[in-house]
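The values are calculated or read from the model by the stated rules, or taken from the named source; none is laboratory data. Source: prediction; values computed, not measured. Note that we place each Cβ from the backbone using ideal geometry, even for glycine, and neighbour counts take in every protein chain shown. Please note that ligands, DNA and RNA were not included when accessible areas were found on the heavy atoms of the full protein model with its side chains. Shrake-Rupley method; radii C 1.70, N 1.55, O 1.52, S 1.80 Å.
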Amino acid sequence: AVVSTQSGHYGRAVQHMVVQISEQRVNDKEISLQKKQFNEVLIKNNFSLSNIKVQYMREERDFDNVLWSLVNFKHHTLGFLKDRGYLISSQVDLQENGPQTGTLVVRGYLRGRGLDPDQLVHIPGHGHFRISKIVSSPDPFSESSLTGTVYESTNPPTLEMECEVDEMDAEQTWPTEQDFAEAEDAKKLAKRVPKGTSAYQAVWMLSDDEEEEEEEGEDMEDREGEEESEESEEEYVDLEEEESDCYKDSDNYDVHFEAEEEAAELKKFREARDDEQFPDEMDTPTDIAARIRFQKYRGLKSFRTSGWDPQENLPRDYARISQIKNFRMVRKSLLKQSGSDKPVSAGSHVDVYISDVPLSLKDSNSSSLAIFSLLPHEQRLSVQHVAQARHPLSTVDIKSKEHLLAQVGFRRYVVRPIFSQHTKSNKHKLERFMPVTGNFVASFYAPITLTDSPAMLFKIEEDSTVSLLSTGTLLSCDPDRIVCKRIVLSGHPCKIHKRAAVIRYLFHNREDIAYFKPVQVRTKHGRRGHIKEALGTHGHCKITFDKPIQQSDTVLLPLYKRVFPKWHFEYF
């Protein structure tokens, strides 16, 4: 895991060698077998063989080849360091200015893009601070270095991470002239309709492009429904086998185990297994009306093509964060500005005076200190998305919104992320547990990061140690990325007549049937239908499908709700 963490954060700068310890010469057949076994170990430890060259060391010339490859090894500059200035200290001094804060003086060689005294700097594990001044100091390895030059801070940026919440920001306002102009332009869009169609009827008619897109979406969802039905039959058999083996050792408890902790882990394991075997399915509650229990959910005709406004029903926490419109363009512009000349150039030996640093920094056991300059707006909080892949040695179940340690570039913090699918759609389905296979996206509240940065997630153990969970890269900082939680209510046919069927267990009263009547239903075998009417007072309903269904089929009603990360942020 240590090698995986190093390669995930700094790149795969690892040379793999197999050294022959035995004095006896090994034949070529045994050498190829040992290489194959070693390759299997590398794959198990999350290394890609396309980027790895394994060398077998058995002769003196093999060692010469390794030394030659190390000398000519291509060094890759880290993306989160090449566009900013940074300094690794050779001497640190904390001057007390008050009972809780002081001025930190960091001496060392400046690297990267140089440093501006009007920039903020970040100290890992402690946060970001202002620079009061930068003083050039004598270079211990050069006699001609300039000393005594002082660069004062004249326009220091703000340290505020959160925005001020405006209680009246969500109040309804009268439409402006621009709103009226946009509405008039929308009315002028040309649409081909039959002769004699009124303006009111034309609004409800789809254009040719919309009809083709809708048909493509329906065909794709039909194929997905058939695949899900085939997988569900196979997975149902696996579930019965797992449940039969689940209680073999139920009475053999170790005396060192805690009963409450074991019960919590068992509950989480069962939830993860049920979510894998029956994704998003749940029974309709009988003690509360479904229209009340699921009032925050909505039905979508097509998850891929149906619209969803990213600015509606936002939580209060979104008033505290910052959003950069057109993130890619702003990011490109700021990175271009960061490449301009700085007052203090890279390679200088300087003393950096950092103001208002907490005196608790003295308690850190590290003998050296690293500081990194921040680009504009990088101190502001936003919603950060990182693309991740699970580490093969990690097998623990991780639920969404658990406390995890995130390392993004040079910053690390404790967050409570939510997991979602990594797709190109404008809506992304929530993953209740961290996926074991494939790629996924973790979203959490964190400071804006403009540079390409590696990202890793760790689990914090009870003894304050950490274990690697996943590795990946920074995807974006976009609060408008929509993550939807899906639930699926299920019912079963009790009577079937051609394309019509009577469904039970989907609802338990007539009012719920009338409330969810506009939502389209589907079956596990890919059939689609609409609720026609309620039968009786116990929740039975009549549904008409596009094709006859089977008695063994299951009727599903998918509902969606947008979810947001849990507000939690602290430096680690």
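Scanning region 478-503 for residues that are crowded, with 21+ Cβ neighbours inside 10 Å and among the β-branched types (Val, Ile, Thr), we see that the one that is farthest from Leu450 (Cα to Cα) is Ile503.
Restricting attention to region 104-116, the residues being open to solvent by 10 Å² or more (accessible area, probe 1.4 Å) and part of a loop (DSSP other than H, G, I, E, B) number 2.
Here Gln407 clears all of (1) part of a loop (DSSP other than H, G, I, E, B); (2) at pLDDT 90 or above except the condition numbered (1).
Scanning region 439-450 for residues that are farther than 17 Å from His128 by Cα and not hydrophobic (A, V, I, L, M, F, W, C) gives Asn439, Ser443.
Picking from residues in region 512-553 that are surrounded by 14 or more Cβ atoms within 10 Å (Cβ to Cβ) and acidic (Asp, Glu), the one that is nearest to Ile292 (Cα to Cα) is Asp512.
Could you say whether any residue in region 134-151 is under 30 Å from Glu570 (Cβ atoms) and at pLDDT 80 or above? Yes, region 134-151 contains at least one residue that is under 30 Å from Glu570 (Cβ atoms) and at pLDDT 80 or above.
The helices (runs of 4 or more DSSP H) located wholly in region 28-88 that include 2 or more residues which are at pLDDT below 75 and of a type in the set (Val, Ile, Thr) occupy 28-44. The residues of region 271-328 that are open to solvent by less than 40 Å² (accessible area, probe 1.4 Å) and of a type in the set (Phe, Trp, Tyr), listed by number, are Phe294, Tyr297, Trp308, Tyr318, Phe327. Against the list (1) assigned to a loop (DSSP other than H, G, I, E, B); (2) free of Cβ contacts under 8 Å to residues at least 40 places away in the same chain; (3) more than 20 Å from Thr286 (Cα to Cα); (4) more than 39 Å from the chain's Cα centre (by Cα), the condition Ser552 fails is (4).
Met161 fulfils the conditions (1) closer than 16 Å to His349 by Cβ; (2) assigned to a loop (DSSP other than H, G, I, E, B); (3) at pLDDT 70 or above; (4) hydrophobic (A, V, I, L, M, F, W, C) except for a single criterion, (1). Take Phe303 and decide whether it is assigned to a loop (DSSP other than H, G, I, E, B), among the aromatic types (Phe, Trp, Tyr) and in contact (Cβ under 8 Å) with a residue 60 or more places away in the chain. Judged against the criteria, Phe303 is a match. Considering (1) in contact with a His (Cβ under 7 Å, 6 or more places away or on another chain); (2) hydrophobic (A, V, I, L, M, F, W, C); (3) surrounded by fewer than 20 Cβ atoms within 10 Å (Cβ to Cβ), the lone condition that Phe440 does not fulfil carries the number (3).
Please determine, by comparing only the residues of region 329-361 that are surrounded by 17 or more Cβ atoms within 10 Å (Cβ to Cβ) and small (Gly, Ala, Ser), which one is nearest to Leu104 (Cα to Cα). The residue in question is Ser348.
Residue by residue through region 75-105, note down the ones that are hydroxyl-bearing (Ser, Thr, Tyr) and touching a strand residue (DSSP E or B) at 6+ places or on another chain (Cβ under 6 Å). Result: Tyr86, Ser89, Ser90, Thr101, Thr103. Filtering region 306-334 to residues that are farther than 22 Å from Leu556 by Cβ, assigned to a loop (DSSP other than H, G, I, E, B) and among the polar types (S, T, N, Q) leaves Gln311, Asn313, Ser322, Gln323, Asn326.
Please verify whether region 366-381 includes one or more residues that are free of Cβ contacts under 8 Å to residues at least 40 places away in the same chain, assigned to a loop (DSSP other than H, G, I, E, B), exposed (fewer than 15 other Cβ atoms within 10 Å of the Cβ) and not basic (Lys, Arg). Looking through region 366-381, at least one residue is free of Cβ contacts under 8 Å to residues at least 40 places away in the same chain, assigned to a loop (DSSP other than H, G, I, E, B), exposed (fewer than 15 other Cβ atoms within 10 Å of the Cβ) and not basic (Lys, Arg).
Applying the condition of being free of Cβ contacts under 8 Å to residues at least 40 places away in the same chain and not in a loop (DSSP other than H, G, I, E, B) to region 121-155 and asking which residue is most open to solvent (accessible area, probe 1.4 Å) yields Glu152.
Considering region 443-477, the residues that are small (Gly, Ala, Ser) and either farther than 16 Å from Leu404 by Cβ or part of a loop (DSSP other than H, G, I, E, B) (or both) include one that is most open to solvent (accessible area, probe 1.4 Å), namely Ser464. Within region 385-412, residues that are open to solvent by 40 Å² or more (accessible area, probe 1.4 Å) have Cβ atoms under 8 Å from residues that are part of a strand (DSSP E or B) and among the aliphatic types (A, V, I, L, M) in these pairs: Leu393/Leu468; Val396/Leu469; Lys401/Ile418; His403/Val414; His403/Val415; His403/Ile460; Arg412/Leu405; Arg412/Ala406, counting only partners at least 6 apart in sequence or on another chain. Within region 481-504, not a single residue is over 24 Å from Lys301 (Cβ atoms), within 31 Å of the chain's Cα centre (by Cα) and part of a strand (DSSP E or B).
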